[in-house]
Amino acid sequence: MRLDKFLSHVGLGSRKEVKVLLKKGKITVNGQAIKQPQINVNEYDDDIRFDDEVLVYRLHDYFIMNKPADVLSATVDAVDATVIDLLQDNDYRDNLFPVGRLDKDTTGLLLITNNGQLAHQLLSPKRHVKKVYRALVKGPLPSDVEEQFQSGLMLDGEQLQPALITVLNNYQEEVDVEVTITEGKYHQVKRMFELVGSKVYQLERIAMGPLTLPSDLERGTYRRLTLEEEQLLLNKN
Ligand code: URA
């Protein structure tokens with residue numbers, strides 16, 4: 001791969017911008033300052049550094065975000081901030097996108113990647129990937145809510161896949177629940193609660209497939225997946 005392409009790929013800027021860095025002698029390949037953008041490098045084996053910081057080539061990027069409310073899970077929007085706007089400059093790539101949609105007011109786990117094939121697999125209705133939500137809903141819930149969720153509610157004339165609901169705290173007027181679904185229909189969790197005469201006040205996604213929202217990942221922040229999480233995601237979805 002050409003050195004300027006490599007530098008762009010790892011996030012150092014456009015081809016034009018990385019040319020400037022090269023000219024300044026800030027890039028070393030195997031210990032030697034290199035100024036020519038066109039030389040070929042081995043992206044996996046060569047030791048390529050910027051200001052002595054090792055640059056790691058990744059085929060795809062995977063970030064886990066704790067999405068805050070009021071931010072859209074989209075790539076661009078003319079009015080609102082998007083989850084992609086929350087990425088720092090050195091993590092930004094123009095091919096990154098959020099996997100699936102959380103409503104603007106929903107918080108919690110969101111995967112951001114540029115691996116389209118993986119996203120497709122995670123979102124495919126055939127794969128029944130589990131999504132777990134914590135919700136604060138209007139109470140009281142009907143006494144048979146577990147059975148109703150389990151037997152598959154009717155939504156838009158279609159029977160939903162069985163869903164699991166666990167009541168964590170019952171404050172009567174408000175109920176704190178955990179819900180597991182295996183589909184991703186539009187406003188699905190909110191509409192499921194409407195169907196049983198309730199209403200969602202707060203919704204947070206806490207797990208998706210093999211990924212769990214880390215307890216130390218503050219709302220509005222994100223990090224790269226660990227190698228272990230990445231392996232889990234790529235092998236078991
Ligand atoms: N279900 C909803 O209703 N909203 C979300 O954001 C996610 C699931």
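The values are calculated or read from the model by the stated rules, or taken from the named source; none is laboratory data. Note that the structure is a prediction, hence the values are computed from the model and not measured. We place every Cβ from the backbone using ideal geometry, glycine too, and count neighbours over all the protein chains shown. Note: areas computed on protein heavy atoms with side chains; ligands, DNA, RNA excluded. Shrake-Rupley method; radii C 1.70, N 1.55, O 1.52, S 1.80 Å.
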- Query: So what is Rg over Rh here for the stretch 3-54, counting just Cα atoms and using Kirkwood for Rh?
  - Reply: 0.89
- Message: Using a probe radius of 1.4 Å on heavy atoms only, what accessible surface per residue do you get for the stretch 25-158? Whole Å² is fine.
- Response: 54 Å²
- Please compute the Cα-Cα pair-distance distribution of the chain with 5 Å bins starting at 0, giving whole percents from short to long. 1, 6, 12, 15, 14, 13, 11, 9, 5, 4, 4, 3, 2, 1, 0
- Item | Ellipticity estimate at 222 nm from DSSP helix runs (n ≥ 4, -39,500 (n - 2.57)) divided over the chain, nearest 500 | -5500 deg cm²/dmol
- Violations at 32 Å Cα threshold for listed pairs Lys67/Lys138; Lys23/Lys67; Lys16/Lys130; Lys138/Lys185; Lys16/Lys104 -> Lys23/Lys67; Lys16/Lys130; Lys16/Lys104
- log10 I(q)/I(0), Debye, Cα-only the stretch 130-208, no solvent, q = 0.26 Å⁻¹? -1.44
- Task: Take each of the peptides 136-143, 210-217, 198-205, average the number of other beta-carbon atoms within 10 Å over its residues, and list them starting from the highest.
- Result: 198-205, 136-143, 210-217
- Query: Given the options Lys67, Lys130, Lys35, which has the most mean-square fluctuation in a GNM of the chain, springs set between C-alpha atoms less than 10 angstrom apart?
  - Reply: Lys35
